[in-house]
Amino acid sequence: MSLPRCAPFKGSFNIGTKKYYRNGQRHFAYDYLCPLGTPLRAVRSGVILDCNDGESDVPDRNYSGEPSNWILLGYKNSKGQKRTVYYQHLMKNSITVKRGQQVKAGEWIAKSGNSGNTTGAHLHIATSKGWMTAKTRYDYLYNTDILIYPPSLVWHPDSL
């Protein structure tokens with residue numbers, strides 16, 4: 001059975017960061033270098049597990065823990081296993097979904113932004129096994145057993 005899926009945006013953008021930052025610190029996500037306000041889509045049909053909106057797109061660059069705007073999209077793969085897609089650094093007040101809402105693959109859910117600890121507008125997207133929460137959304141960095149890498153496996157037509 002093939003489940004509906006799509007890329008997180010229309011068009012193609014370069015990936016600025018992959019598994020590791022330049023300083024060697026773990027990243028295990030893709031940072032797509034896309035312009036501020038690029039419409040973002042649900043890569044799979046599923047449920048919005050949680051989201052945060054309203055944070056500034058002009059964060060204080062002297063504070064590395066600056067809060068960001070983000071979405072956790074939960075879905076089940078063809079084997080019924082829970083998975084999460086984490087969208088981060090979204091544009092302030094651009095999130096069009098709410099916690100508990102069902103979405104379809106390809107549905108517009110937010111716009112790319114510059115919120116949080118960033119050096120410029122981009123989409124940070126990570127994927128993991130299980131369902132993330134606001135408190136566990138960075139666990140994929142430390143527990144590679146839950147990591148799905150690269151994140152594009154989730155929306156690539158030949159995957160999962």
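Values quoted throughout were computed directly from the atomic coordinates according to the rules given, and no laboratory measurement underlies them. What you see is a predicted model; the values in this text were computed from it and never measured. We place every Cβ from the backbone using ideal geometry, glycine too, and count neighbours over all the protein chains shown.
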Checklist outcome for this item: Restricting to Cα pairs under 8 Å and 6 or more apart, the percent relative contact order of the stretch 112-160 works out to 30
Checklist entry - Gain in length, residue 77 to residue 18, computed as 0.36 nm per residue apart minus the alpha-carbon separation, to one decimal in nm? => result 18.9 nm
Checklist entry - Relative contact order for the stretch 15-154: what is it in percent, counting Cα pairs under 8 Å that are at least 6 residues apart? => result 31
Checklist entry - Taking a threshold of 19 Å on the Cα-Cα distance, which of the pairs 19/135; 76/104; 98/135; 76/129 fall above it? => result 19/135
Checklist outcome for this item: To the nearest 20 debye, the chain has a Cα-centred charge dipole, built from +1 on Lys and Arg Cβ and -1 on Asp and Glu Cβ, of 480
Item to check | More than 15 Å apart - percent of Cα-Cα pairs taken over the stretch 1-44 | outcome: 56
Checklist entry - Which of rounded, prolate, oblate describes the stretch 79-151, given a ≥ b ≥ c as roots of the alpha-carbon gyration tensor eigenvalues and a/c under 1.5 marking rounded, otherwise prolate only if a/b is larger than b/c? => result oblate
Item to check | Reference-scaled alpha-carbon Rg (2.2 N^0.38 Å with N residues) for the chain | outcome: 0.95
